[in-house]
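Undergrad: Sharing a structure with you now.
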Amino acid sequence: MVLVLNKPCSTGDRKGNIMCWDLGSGSSSWGVSAAHEGHITALTWQHSASRQQLQQQQDTAGSNCVISGGQDGCVRVWDGRSGDFVAEQAVHVDKRGKGAVG
């Protein structure tokens, strides 16, 4: 997903790693190794900014988070500024096994 606001972009790979990129500079802002067991299967940004703030590209960095899902059956939330872990919810995990979140 590419986000115009402050030009961040997040990517996930088959090893379960997440990277946040600054599209303006082309450099990595932060990364999380082994954020999930297996592939990253879902990745999005959540903003509490208003539509008007987003359209005007106002700085709302304090209200951003990255939400990821993986083959481990969990949804995890990361601070969009630092990559720090915020929360986790197992959604496709039971005694029969795990299923990818997507």
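Undergrad: Pairs, please: C-beta under 9 Å, at least 6 apart or cross-chain, first residue within 12 Å of Ile18 (Cβ to Cβ) and aliphatic (A, V, I, L, M) and in the range 69-80, second open to solvent by 20 Å² or more (accessible area, probe 1.4 Å) and assigned to a strand (DSSP E or B)?
TA: Pairs that qualify, where the first residue is within 12 Å of Ile18 (Cβ to Cβ) and aliphatic (A, V, I, L, M) and the partner is open to solvent by 20 Å² or more (accessible area, probe 1.4 Å) and assigned to a strand (DSSP E or B), are Val77/Gln46; Val77/Cys65; Val77/Ile67; Val77/Phe85; Val77/Val86; Val77/Ala87; Val77/Glu88; Val77/Gln89.
Undergrad: Within the range 56-81, take every residue that is part of a loop (DSSP other than H, G, I, E, B) and within 19 Å of Asp13 (Cα to Cα) and give me the one that is modelled with the lowest pLDDT.
TA: Here the residue is Gly80.
The values are calculated or read from the model by the stated rules, or taken from the named source; none is laboratory data. Everything quoted here is computed from the prediction, not taken from an experiment. Counting neighbours? That spans all protein chains shown, and the Cβs are built from the backbone with ideal geometry, glycine included. Remember, those area values only see protein heavy atoms, side chains included, never the ligands or the DNA or RNA. Shrake-Rupley method; radii C 1.70, N 1.55, O 1.52, S 1.80 Å.
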